[in-house]
Amino acid sequence: MSDALKAALLERARAAGFDDVRVAPAAAPEADRDRLLGWLAAGLHGEMDYMARWGAARADAATVLPGARSVLVFAANHYPLATPPLPPGGAEGSGGPILVAGPPPGHVAIAKYAVGEDYHVVLRERLAPVLGWLAEVLPNEKWRVCVDSAPLLERAFAVRAGIGFAAKNTMVISPRRGSYFFIACIATTALIEPDAPIEGTCGTCTRCLEACPTQAIIAPHVLDARRCISYQTIERRSEPGPDESVHLAGYAFGCDICQDVCPYNKFAVQAGMEEFRDGRVVRHHEPAATFAAIRSNREFARRFARSPLRRAGRRRLQRHAQSAVRGR
Ligand code: SF4
Ligand code: SF4
């Protein structure tokens, strides 16, 4: 793919609502495979068996598309709110406690990425015209769209492509855009000149490690998923034991705290894709009663048909909403 074609790709991506697109080689760096294997061997993935099932194969795009030689990595801002995350007097430059605005009484927090429509569906729909154009200009190549649904180490490819750098909170941070963006990939058999990784680092900052209410970031770049509120409210399938107390910090689904406190997010701007804006399906701070009022699985399925909240299921979401509102 020539530079002119790459420029045309960026133009198409932007027309489809994406903020950026860059290219990585089909194999993620060796260090990312090793980090993943070490993380799995330590059992830090908890009950996420699908992570262990694919292991290091996730670092090779040929796992999702035989013969893959490149990965196109797209970034899409999903920050839902009109104002940046930290309230006045938050952490900025104070050296004092890190204060993140919690939900008001009677309300629970929903992770910012989940207040709108399901990104798996939205990003696929938005990528469709880009994919159609690629198939036209390179008709002999194969393409496969991966939006967090195929065994692909998307964050490692995003870092390798230069979308952002690997941050201590395990997110990918763009020095210009922060970390509130989705990553979508297209694996392809086309051999495309990779883009260079970007310079960027957390430096001496440890704000996310200090602010995490469950100490789930056990070392820079290392998440013990079992302690993480996102895992507890979304991924975990087993019931908590009678003596187990799970602190949810006001969240009924997911958690944003380690991103909210990050200085790179202080200039977060509202998503251009309206599907991800606050209130599209629910609000970031939603009355707990919204969830308690849902009486049947059918009603739940209808209400959240196009929402990531569907994944938790009615009873789990209601249980977490109850715990979150009580724990405040
Ligand atoms: S998402 Fe929340 S619980 Fe998980 S690591 Fe970040 S701050 Fe901690
Ligand atoms: S809060 Fe600080 S350490 Fe954490 S991801 Fe942001 S810059 Fe890195």
Quiz item: Quick one: Cα convex hull volume of segment 244-328, Å³ per residue?
Solution: 113 Å³
Quiz item: Just in segment 140-215: which GluC sites (Glu not before Pro) are loop by DSSP and have at most 11 other Cβ atoms within 10 Å?
Solution: GLU199
Practice problem: Taking a cut-off of 22 Å between Cα atoms, list the lysines near LYS112, but don't count ones fewer than 8 places away on the same chain. | Solution: LYS168, LYS266
Quiz prompt | Ranked LEU72, LEU37, criterion: other C-beta atoms within 10 Å, fewest first | solution = LEU37, LEU72
Exercise. Can you tell me the relative contact order of the chain? Whole percent, Cα pairs under 8 Å, sequence separation 6 or more.
Key: 27 percent
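Please arrange ILE218, ILE192, ILE186 by how many other C-beta atoms lie within 10 Å of their C-beta, fewest to most. List each step's numbers first, then the result.
Details: ILE218 14, ILE192 21, ILE186 25.
Neighbour counts put them in this order, fewest first: ILE218, ILE192, ILE186.
Say R0 is 35 Å: what FRET efficiency, to the nearest 0.05, do ASP49 and ALA8 get from their beta-carbon distance?
Result of the calculation: an efficiency of 0.30.
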Quiz item: What does the charge count near MET273 come to, summing +1 for each Lys or Arg and -1 for each Asp or Glu among other residues with Cβ under 15 Å from its Cβ?
Solution: 0
Self-check item: Computed helical MRE - 222 nm, the chain, DSSP H runs ≥ 4 contributing -39500 (n - 2.57), nearest 500
Solution: -8000 deg cm²/dmol
Quiz prompt | Difference of contour (0.36 nm per residue) and Cα-Cα distance, ALA57 to GLU30 | solution = 8.6 nm
Quiz item: So which chymotrypsin sites (Phe, Trp or Tyr not before Pro) in segment 238-328 end up in coil per DSSP with only 11 or fewer other C-beta atoms within 10 Å?
Solution: PHE267
Practice problem: Write out the GluC sites (Glu not before Pro) in segment 219-328 meeting two conditions: DSSP loop, and at most 10 other Cβ atoms within 10 Å of their Cβ. | Solution: GLU244
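Only the coordinates and a few stated rules stand behind these numbers; no lab work does. Note that the structure is predicted; figures quoted are calculated from it, not measured. Because the Cβ atoms are built from the backbone with ideal geometry, glycine has one as well, and the counts that use them run over all protein chains shown.
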